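Here's the structure, in structure tokens; my notes come after.
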Amino acid sequence: MKCPDCGCEESKVIDSRPTENKVRRRRECIKCGSRFTTYEIIEEVPLMVIKKDHSIEPFDREKLVERLRRATVKRPISLERIESIVEEIATELKNTLQREVTSDRIGDMALGKLREIDDVAYIRFASVYREFGDVDSFMKIISEVKDAKKKI
């Protein structure tokens, strides 16, 4: 922040208060002692998802929660755990600072999280996400899961 009086770029915060969607800060210039107010606003950059058909839509947490909930029906996985997985994915995506992400990347991230906690849910989610069209596709992923279990 530059001091409005002398242009010095060094100031100290005297007071800080949250207001409507922003933070109000009272500052004092280190050089001239002048006091001034600044406002810090949280910049919301919407995350956009590039779908398989190349259409683009905003990232929808609830949509991902619903897809994961379907994959975990009758499995020992709580709704809180599903919401935690979605929050982890959303945080990872926002931390990349990309404005657009492919649905494939989100699906891969969800698969990785499911693989860690439940094999059946992982296979269910993979069958829809990877669009299995035949029994061989199921057999392949089941053998991958079995092989991974043997290595552990």
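Numbers for the structure displayed
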item	result
So residue 82, is it within 26 Å of the chain's Cα centre (by Cα), at negative phi and assigned to a loop (DSSP other than H, G, I, E, B)	no
Single residue of 113, 94 found to be buried (at least 18 other Cβ atoms within 10 Å of the Cβ) and either in a helix (DSSP H, G or I) or touching an Asp or Glu at 6+ places or on another chain (Cβ under 8 Å) (or both)	113
Condition check for residue 139: without any contact (Cβ under 8 Å) to a residue 12 or more places away in the chain and either closer than 16 Å to residue 81 by Cα or in a helix (DSSP H, G or I) (or both)	yes
Subset tally (residues that are within 12 Å of the chain's Cα centre (by Cα) and either assigned to a helix (DSSP H, G or I) or within 15 Å of residue 108 (Cα to Cα) (or both)) for the range 48-58	1
Check on residue 125, in a helix (DSSP H, G or I), aromatic (Phe, Trp, Tyr) and surrounded by 12 or more Cβ atoms within 10 Å (Cβ to Cβ)	yes
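Just so you know, all these numbers are worked out from the coordinates, no wet-lab data involved. Not measured: the values here are computed from a predicted model. Neighbour counts run over all protein chains shown; Cβ positions are idealised from the backbone, glycine included.
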